[in-house]
1. Of Ser187, Ser103, which residue is hydroxyl-bearing (Ser, Thr, Tyr), under 27 Å from His21 (Cβ atoms), open to solvent by 70 Å² or more (accessible area, probe 1.4 Å) and touching a residue at least 40 places away in the same chain (Cβ under 8 Å)?
2. Could you tell me whether Lys170 is of a type in the set (Lys, Arg) and under 28 Å from Asn49 (Cβ atoms)?
3. Select from the stretch 113-132 the residues that are open to solvent by less than 30 Å² (accessible area, probe 1.4 Å) and assigned to a loop (DSSP other than H, G, I, E, B) and write down the one among them that is nearest to Trp56 (Cα to Cα).
4. Being farther than 17 Å from Gly35 by Cα, open to solvent by less than 20 Å² (accessible area, probe 1.4 Å), assigned to a loop (DSSP other than H, G, I, E, B) and without any contact (Cβ under 8 Å) to a residue 40 or more places away in the chain is true for just one of Asn139, Asn166. Which residue is that?
5. Of the numbered conditions (1) open to solvent by 80 Å² or more (accessible area, probe 1.4 Å); (2) under 21 Å from Leu34 (Cα atoms), Glu172 satisfies every one except a single condition; which is it?
6. Identify the residue in the stretch 1-56 that is β-branched (Val, Ile, Thr) and more than 17 Å from the chain's Cα centre (by Cα) and, among all such residues, is nearest to Gly126 (Cα to Cα).
7. Going through the stretch 145-157 one residue at a time, which ones are touching a residue at least 40 places away in the same chain (Cβ under 8 Å) and farther than 15 Å from Trp56 by Cβ?
8. If I ask for residues that are on the phi > 0 side of the Ramachandran plot and of a type in the set (Ser, Thr, Tyr), which ones from the stretch 144-164 would you list?
Amino acid sequence: GFVWWFENNSATATKTLALDHYDSTMGWEDCGMLGLAFHPEFGQPGSPNRGYIYIWYNYRPTGNTGSVGLNYNRLSRFKLEDGAATIDPASEFVMINQFDEHSWHNGGDMFFGPDGFLYIPNGDEGGANDQYNNTQKMNGGLFSGVLRIDVDSPDKGRQYAVPTDNPFVKHENTRPEIWAFGLRNPSM
């Protein structure tokens, strides 16, 4: 639940706490803060996106202390204000909040592709032998694959848009965010 800043130098001996999100992040077994990506326009003067940082993590509601129970795969956008060294946890803007029955198989790192879209890997919801039967299911939650979304264009009640060229956009009873599926615990 922590994000640290440090100078990109092998002799660096100090670090600065940039974000303390410990109380909201599961931190045991196969979970925690899984990925962080800077908006492609991060740091560009004049861009409305210049301070945006995206974090994929396992959200833990207050009181959850076990591996099974209240657990969510969450994508949030945070904002680093101009000139600030720390990120205000209150700047969190939740974009995806996917209930997850188990703490295993939550994916890994994420990135913005050359197309400007955000690619997010997510696992099969955990357990052994695909016990939640998500690996080949495309009409349930956002599990077992890589999601591809447009974070700059909220659309149709979502906090993001689905690119029109995603492979399953025109398929009925399919989550259009899915870019690739059938993956147990993808990491990029």
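The values are calculated or read from the model by the stated rules, or taken from the named source; none is laboratory data. Everything quoted here is computed from the prediction, not taken from an experiment. With ideal geometry, Cβ positions are generated from the backbone for all residues, glycine too; neighbour counts draw on all protein chains shown. Just so you know, the surface numbers come from the protein's heavy atoms only, side chains and all, with ligands and any DNA or RNA stripped out. Shrake-Rupley method; radii C 1.70, N 1.55, O 1.52, S 1.80 Å.
1. Numbers: Ser103 fails: open to solvent by 70 Å² or more (accessible area, probe 1.4 Å).
Only one candidate qualifies: Ser187.
2. Values: of a type in the set (Lys, Arg): yes; under 28 Å from Asn49 (Cβ atoms): no.
Spelling it out, it is not the case that Lys170 is of a type in the set (Lys, Arg) and under 28 Å from Asn49 (Cβ atoms).
3. So in the stretch 113-132, the residues open to solvent by less than 30 Å² (accessible area, probe 1.4 Å) come out as 113, 116, 118-127.
This time we only want the ones that are assigned to a loop (DSSP other than H, G, I, E, B), so: 113, 116, 123-127.
Details: Gly113: 16, Gly116: 17, Gly123: 12, Asp124: 15, Glu125: 15, Gly126: 16, Gly127: 20 Å.
The qualifying residue nearest to Trp56 (Cα to Cα) is Gly123.
4. Working: Asn139 fails: open to solvent by less than 20 Å² (accessible area, probe 1.4 Å).
Sole residue among the options that is farther than 17 Å from Gly35 by Cα, open to solvent by less than 20 Å² (accessible area, probe 1.4 Å), assigned to a loop (DSSP other than H, G, I, E, B) and without any contact (Cβ under 8 Å) to a residue 40 or more places away in the chain: Asn166.
5. (2)
6. The first filter runs over the stretch 1-56 and keeps only residues β-branched (Val, Ile, Thr), leaving 3, 12, 14, 16, 25, 53, 55.
Now narrow it down to the ones that are more than 17 Å from the chain's Cα centre (by Cα): 12, 14, 16.
Values: Thr12: 37, Thr14: 36, Thr16: 33 Å.
Looking at the filtered set, the residue picked out is Thr16.
7. Result: Asp152, single match.
8. Answer for the stretch 144-164, where residues must be on the phi > 0 side of the Ramachandran plot and of a type in the set (Ser, Thr, Tyr): just Ser144.
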